[in-house]
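Undergrad: One structure, as structure tokens, below. Some questions next.
Read-outs throughout are calculated quantities, based only on the coordinates presented, and are distinct from any laboratory measurement. Computed from a prediction, not measured in an experiment: that's the story for all the values here. Positions of Cβ are backbone-derived with ideal geometry, glycine not excepted, and every protein chain shown enters the neighbour counts.
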Ligand code: ZN
């Protein structure tokens, strides 16, 4: 089966990879959607990750937000895994046109991928809500107080990630849709394909081969030419290994 995927990649010129949380969990980054209810001391009640990561909670409780965000969501020591590196090789070899990711950790770029569309934003980009001054991840990690404040105007600095109650970044979505439309191979990994925009993006694909790499069944398995229930890193590295050059 992996040799079939290798052949598909060899025949591709504009493959697109769409990745969900499963890509990052292989780098030991927790999937917050599977986290248990978290206790918020401030409000003296249990707060779900969905509420903690909502725009209204960020505005009303920025210190609580950042406590959770830094302790549970940021993984500054996480490193790219075999999936990230295999995708970077596929791009370098002229096979892959774009990576579309729901992850916010920036690991695809760290592994060397150039065209990455982040449909939920990135923890590596942060900006002042008042004056829009931009800051990196280190600024947030090293902020002296519970909430990082802008050096220019004192405004609250927030991560450029899509919180609940917020719209997904339009530019990244439009570029993703176009890449999928033009794709000659679509590989989906680490997502159950039930949540927007994952399912929506699949509708743009009119190519021949759809490959799904996911531990659990997805609603699109019937449309797939190949399905793997294994580790994404194992499958992608197996299909497109580092060549001895
Ligand atoms: Zn500012």
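Undergrad: When you scan region 198-224, how many residues do you find that are in a loop (DSSP other than H, G, I, E, B), within 13 Å of residue 176 (Cβ to Cβ) and out of contact with any helix residue (DSSP H, G or I) (no Cβ under 6 Å at 6 or more places or on another chain)?
TA: The number of residues fulfilling the criteria is 1.
Undergrad: Also, quick follow-up: Filter region 145-181 down to the residues that are away from the ligand (no atom under 16 Å from the Cβ) and part of a loop (DSSP other than H, G, I, E, B) and list them by number.
TA: Selection gives 146, 162, 163, 165, 166, 167, 168, 169.
Undergrad: Of the residues in region 116-144, how many are within 12 Å of the ligand (Cβ to nearest atom) and at positive phi?
TA: Counting residues in region 116-144 that are within 12 Å of the ligand (Cβ to nearest atom) and at positive phi gives 1.
Undergrad: Could you please tell me which pairs satisfy a Cβ distance under 6 Å, a separation of 6+ or placement on different chains, a first residue in region 124-135 that is touching a residue at least 24 places away in the same chain (Cβ under 8 Å) and closer than 27 Å to residue 79 by Cα, and a second residue that is outside any strand (DSSP E or B) and more than 8 Å from the ligand (Cβ to nearest atom)?
TA: Qualifying pairs under 6 Å: 126/140.
Undergrad: Within region 81-107, which residues are within 28 Å of residue 148 (Cα to Cα) and without any contact (Cβ under 8 Å) to a residue 60 or more places away in the chain?
TA: Scanning region 81-107 gives 104, 106.
Undergrad: Between a residue in region 150-171 that is within 16 Å of residue 132 (Cβ to Cβ) and without any contact (Cβ under 8 Å) to a residue 24 or more places away in the chain and any residue that is within 8 Å of the ligand (Cβ to nearest atom) and in a loop (DSSP other than H, G, I, E, B), which pairs come within a Cβ distance under 7 Å, given they are 6 or more apart or on different chains?
TA: 150/130; 150/131; 150/133
Undergrad: Exactly one condition in (1) surrounded by 17 or more Cβ atoms within 10 Å (Cβ to Cβ); (2) more than 30 Å from residue 96 (Cβ to Cβ); (3) touching a residue at least 24 places away in the same chain (Cβ under 8 Å) is not met by residue 141; state its number.
TA: Of everything listed in (1) surrounded by 17 or more Cβ atoms within 10 Å (Cβ to Cβ); (2) more than 30 Å from residue 96 (Cβ to Cβ); (3) touching a residue at least 24 places away in the same chain (Cβ under 8 Å), residue 141 misses just condition (1).
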